[in-house]
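Comments concern the structure below.
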Ligand SMILES: [Zn+2]
């Protein structure tokens with residue numbers, strides 16, 4: 001007989017929202033903020049930023065990428081000094 005093993009703490013289904021508050025933003029784009037108990041918000045994050053805690057969920061806020069969208073300044077076409 002075995003005790004039932006407790007998995008990692010997962011109060012909500014985090015499969016859909018793999019990123020947690022405090023994680024580094026892996027790619028610039030449009031993200032969905034998956035709240036604990038209200039409809040998701042859509043936000044833009046820039047790569048290298050940190051997913052922020054939300055006022056209602058705090059550190060339990062979860063994020064998922066809806067659509068990667070390169071930030072203007074990261075695009076090679078727009079990089080570099082402007083030639084006058
Ligand atoms: Zn929230």
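Bear in mind that the values in this text are calculations on the coordinates, not laboratory data. Bear in mind that the values here come from a model prediction, so they are computed numbers and not experimental data. Here Cβ is always computed from backbone atoms with ideal geometry, including for glycine, and neighbour counts include all displayed protein chains.
Things worth noting here:
- Sorted by Cβ neighbour density within 10 Å, fewest at the top, the residues 32, 53: 53, 32
- Proxy reagent accessibility, fewest Cβ within 10 Å first, across 51, 45: 51, 45
- Counting neighbouring beta carbons within 10 Å and listing from fewest to most, the residues 44, 25, 55, 50 come out as 55, 50, 44, 25.
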